[in-house]
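The values are calculated or read from the model by the stated rules, or taken from the named source; none is laboratory data. Because the structure is predicted, anything quoted here is derived from the model rather than measured. In this analysis, Cβ positions are derived from the backbone assuming ideal geometry, glycine residues included, and neighbour counts consider all displayed protein chains.
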Amino acid sequence: DTGVSQDPRHKITKRGQNVTFRCDPISEHNRLYWYRQTLGQGPEFLTYFQNEAQLEKSRLLSDRFSAERPKGSFSTLEIQRTEQGDSAMYLCASSFQQVKTGELFFGEGSRLTVL
Amino acid sequence: AQSVTQLDSHVSVSEGTPVLLRCNYSSSYSPSLFWYVQHPNKGLQLLLKYTTGATLVKGINGFEAEFKKSETSFHLTKPSAHMSDAAEYFCAVSDSGNTPLVFGKGTRLSVIA
């Protein structure tokens, strides 16, 4: 399978713990995006990378959130000191070129449950 | 700032009847518009997109959408619904090639046998 893969698919944690999600994009794609989706809502943009450079961060991305893409390939999204409000599906997507002419390819998401 | 409004949170149709899912957008530029579908426990899949050119765009599984600039709309249609079309549908907009997609809240499509 050469699609976008995310790991883990489901994470249950206690409030205050740290969690990390990993995303492996389609190999030739240079752009990687993180979105968050809560129940009954559409995906909300968090941040994106072009190669290893983080180009934009949403105001939704509080200082407890950090994302990296160290070698321009896979990316990690870490949430420190989790809160119950962080419970959501975290979606990763990748693309090869500008969004205007290309589509985003999404992974199946990592579901976070904070108890 | 760009935004999308999906006018119906839930649409229910009978199998074999037409589908209409409505989407209005706001954009300061010439937008690119997308429809994605999400089946339960699956990732979002692109149905169709409009960037430039022909305003009626055809997508997968018999879906199509028409870009109407004067109405700032990009409604999704299908002539005949199939049971397998039951899913969540999301409309999305991008102002330019460098802005990430902004999604609507989604429309859940139910198909009744």
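Only a single criterion out of (1) in a loop (DSSP other than H, G, I, E, B); (2) touching a residue at least 12 places away in the same chain (Cβ under 8 Å); (3) within 8 Å of chain B (Cβ to nearest Cβ) is not satisfied by A:Phe45, namely (1). Quick one: is B:Lys49 out of contact with any Cys (no Cβ under 9 Å at 6 or more places or on another chain), within 13 Å of chain A (Cβ to nearest Cβ), outside any strand (DSSP E or B) and under 24 Å from A:Glu108 (Cβ atoms)? For B:Lys49, the condition - out of contact with any Cys (no Cβ under 9 Å at 6 or more places or on another chain), within 13 Å of chain A (Cβ to nearest Cβ), outside any strand (DSSP E or B) and under 24 Å from A:Glu108 (Cβ atoms) - is not met. With a requirement of 2 or more residues that are more than 14 Å from every other protein chain (Cβ to nearest Cβ) and under 22 Å from A:Leu104 (Cβ atoms), the strands (runs of 3 or more DSSP E) lying completely within the range B:67-113 that satisfy it span B:73-78.
Residue-by-condition table, conditions (1) touching a Lys or Arg at 6+ places or on another chain (Cβ under 6 Å); (2) surrounded by fewer than 19 Cβ atoms within 10 Å (Cβ to Cβ):
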position	(1), (2)
A:Pro8	no, yes
A:Thr20	no, yes
A:Cys23	no, no
A:Ser27	no, yes
A:Asn30	no, yes
A:Gln41	yes, yes
A:Leu46	yes, no
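Would it be correct to say that A:Ala93 is farther than 18 Å from B:Phe103 by Cβ and aliphatic (A, V, I, L, M)? Taking the combined requirement at face value, the residue does not satisfy it. Per the listing B:Ala81, B:Ala54, the residue uniquely buried (at least 20 other Cβ atoms within 10 Å of the Cβ) and of a type outside the set (D, E, K, R) is B:Ala81.
Within the range A:3-26, at least one residue is within 14 Å of chain B (Cβ to nearest Cβ), more than 13 Å from the chain's Cα centre (by Cα) and at pLDDT 95 or above.
Scan the range A:33-42 and tell me whether some residue there is closer than 23 Å to B:Gly106 by Cβ, touching a Pro at 6+ places or on another chain (Cβ under 8 Å) and more than 12 Å from chain B (Cβ to nearest Cβ). For the range A:33-42, residues closer than 23 Å to B:Gly106 by Cβ, touching a Pro at 6+ places or on another chain (Cβ under 8 Å) and more than 12 Å from chain B (Cβ to nearest Cβ): absent. Among all positions in the range A:64-71, there is at least one residue which is of a type in the set (Lys, Arg) and under 13 Å from the mean Cα position of the chain (by Cα). Residues of the range B:57-66 that are within 13 Å of another protein chain (Cβ to nearest Cβ) and surrounded by 13 or more Cβ atoms within 10 Å (Cβ to Cβ): B:Val57, B:Gly59. Condition first: within 14 Å of another protein chain (Cβ to nearest Cβ), among the β-branched types (Val, Ile, Thr) and crowded, with 17+ Cβ neighbours inside 10 Å. Can you find one or more residues in the range B:18-29 that meet it? No, that holds for no residue. The set of residues in the range B:32-46 that are within 9 Å of chain A (Cβ to nearest Cβ) and either in contact with a helix residue (DSSP H, G or I) (Cβ under 9 Å, 6 or more places away or on another chain) or not in a strand (DSSP E or B) (or both) comprises B:Asn41, B:Lys42, B:Gly43, B:Leu44, B:Gln45, B:Leu46.
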